[in-house]
1. What full-extension length gain, to one decimal in nm, is calculated for residue 636 and residue 497 as 0.36 nm per residue of separation minus the Cα-Cα distance?
2. If we sort 478-488, 348-358, 711-721 on the protection proxy, mean other Cβ atoms within 10 Å, highest first, what's the order?
3. Working out 0.36 nm times the residue gap between residue 171 and residue 293, then minus their Cα-Cα distance, what length gain in nm do you get to one decimal?
4. So if each residue of separation counts as 0.36 nm, and I subtract the Cα-Cα distance between residue 143 and residue 180, what length gain in nm does that give?
5. List the residues of region 242-271 whose backbone N lies under 18 Å from a point placed 7 Å from the Cα of residue 428 along the Cα-to-Cβ direction.
6. Extending each Cα 7 Å along its Cβ direction at residue 203 and residue 267, get the distance between those two points in nm, one decimal.
7. What does the net charge come to around residue 353 if you take all other residues with beta carbon closer than 13 Å to its beta carbon, with K and R at +1 and D and E at -1?
8. Classify region 113-186: rounded, prolate or oblate, from the alpha-carbon gyration tensor (a ≥ b ≥ c, eigenvalue square roots; a/c under 1.5 rounded; otherwise prolate if a/b is larger than b/c)?
Amino acid sequence: MRPVESPDTAGVISFRQALAVVRRRFQLILAVTACGAALGFFVASREPTSYKASAMLRLAGERQTLTGVAEEAALTSRTTDPMLSIIELVRSRSVAGVAVDSLGLQLVSLTPEFSVEDLSGVRVDPRAAGDTVQMVFRAEGVSARRGQRSVKASYGQPINLGVVQFMVRSRPAIEGAMLAIRARESAIDGLLAGLMVYRRELTDVIDVSFTAEDPRTAQRVVNSSVQAFQTLNVQWARERSRRKGEFLAEQLAQTDSMLEKAQAALSSFRSRQQLASSRDKLAAEQTALLTLESQRAELDSDRRTFGTLLAQLKTSDEASRQEALRALATSPAMADNPAIGGLYQQLLRYQMRIDSMTTGPWKASATNPDLIQANALARSTQNQLVQAVSSHIGALGARVDALGALSQRTGASMSLLPAMAEEEMRLTRRVDALANMGDELRADFQRARMAQAVEAGDMDVVGLAPLPSTPLLNGAVLKVALGLFIGLMLGMIIAYILEALNTSIRRPEDLEAVLHVPGLAVIPRITDGSRNAQSHFRRLLGSGKAAHPTVGSPLTGNQTFSIGIEAFRNLRTGLIWSDGGEALRTLVVTSAAPGEGKTMTAANLAVTLAYDGLRVLLVDCDIRRPRVHGLFQLPRAPGLMELLRASGDPDAPPPRAIRETPVARLSVLTCGALPVNAANLLSGTRMRVLLGELQEQFDIIVLDTPPVLATADASIVASLTDGVLLVVRAGTTDRNAAQRAYQQLANVGARVVGTVLNDPGGEVAKEGDYYYPYDYAAQE
């Protein structure tokens, strides 16, 4: 069984398909979107007024300009953005801790009408947490209590409660307030939650902003943060320079000591060895050795070449010997060895003499004494040539061996020279490396001392934050828009999830992907005013004996345009031009499950084929739920069952079961009465014989069978026919059901010639990629 493939999930969803999903699920999407907008409005309505203060930093590089040391670049990798590193440092807990301590942000007000900004000189012990301060405001002054400790002071005078100190500048409009001391880490987390640090594009400027309900708090936090970062930036840089100077001083001392030892070792080595002459001798010995190896390789190559030629000369094959002689003629040995050259020229003269005697109109016979003498001389010369080549190969081998021995002696004599030269080079390189390292360390040490003395950083505060006077928008529009967007996205996600869970076939592509069978036609929704397909079909047939056919009926010779008629004409054309369509005499029309429109498809297809001039027989094989006789308003019996029983009884006359219809050349064979052994009648030899007899009377037989998955009748009948047309209803038939039906037909050897997508509910049109020619009508 083939795996079910879903084009919607396995492939890329097109824009039209996405719009189709939105159109089918628009009510769900609108409902979820409305809920998201309502939630955003509710959140926005509860948001308090806030103020935003902003300060500006700039990477000026003043410290680098003064010292000439790019410290940050040396400490970071090439892929690190220094601006991003600065942003993270500004948002570090160290900077936030300094701001919290300087502003006393651990102290918060638990009374909404009172703000900590009405206090001044706030100092909180970083270790304090969990305490509360109760204040009472009177005309003569303020009374503050923390635990068992109580302090009274006039307005403008400091109040010391041990772990917390502050001063009330003036009398507030309320009678009392309560303050709380939170943990330092909690205060740092609160500061970092509202601190925004971002870089301006294509600049070296960084904006630092803080949002708070009190504009004074926003201003103080931003300014304190940037000033704390500037101070810490200088401290960090000086501390790095100090540590770097200490490290460089230690390394410089070690390098100088190592340099003295290396220079002493080099001087001692040179005093013991004479490396200047040894170095020249080493170069001469190396040149001589290379020359000997080159000569030896050349002689060895010549020896192998002559060895190959000698082997060919000694063979009994005349062609090989001639080829060897031609190769010998072009070899350098002809010039280097006069004996070989002379023998080759003598052999060539004998050969020319033999050729002159054995060719032409006056050629000599094989018994000619002169010819016999010439052949003997040629063989003798060739043997001498083989011996000369062998002697030459031996001489080459001796020269190769002599050169090899000489190379070994030369290599042995110079084996000690490289070691001494290498040792001198190693000592020299060590001295040079240590000297260069010492120079670089001295330069770095001087720069580190300069950097340690400079009291400037690379970050400048371009502008501190002014007191914000205009409150920020409370974000109502943004939150409503965000809720609307989230609701829309959530609604679309839910819609697509529901679409993904829907495994029914809705498009022709779905059907072809599942069954891998060509889709022959799509039967659209027929909108002619009828309430159901049966009434529409009856009007197509007309009332009576086709004397008064309705407009648009297939009975008329010149029908007006009808999308239903055109759909079945497309189905007829697809059947004719399908693989093996010319030999299609018996066709089964079936479906996977009931209610998919197989009977209406079979009846309309039969009418369409009859209009083409074919003698058509429509057979109702759905013995449990027959409907063909109702469509044509014919009696159910006698029919197919009676014919099958009569074929088993030779003495009984066959009943007149085949009836004419109002459509010319269309006959109908109804189901007949339901017998006890209906399945046996359909599967027996009688059905096969009956179909053969009916094929002699009709051009094509259309058989309406039960659904494949409901009974075995469809598979039985399908195995006896030329082809099967599988009807699938859009939006109703499950992919797995269609595939099981197809597999069940394939198991009995039935040939599914194509599929029909029945779409009475307009599911295909909802996909957005398809349309039907509703407006394409015939014009007078």
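1. Separation in residues times 0.36 nm, less the Cα-Cα distance, equals 45.3 nm.
2. 711-721, 478-488, 348-358
3. Here the answer is 33.1 nm.
4. 11.7 nm
5. 262-271
6. 6.4
7. With Lys, Arg at +1 and Asp, Glu at -1, the net is 0.
8. Note, shape of region 113-186 comes out prolate.
Rule-based calculations on the coordinates, nothing more; no lab input. This structure is a prediction, so every number in the text was calculated from the model and none was measured. Here the Cβ is made from the backbone with ideal geometry for all residues, glycine too, and neighbour counts use every protein chain on show.
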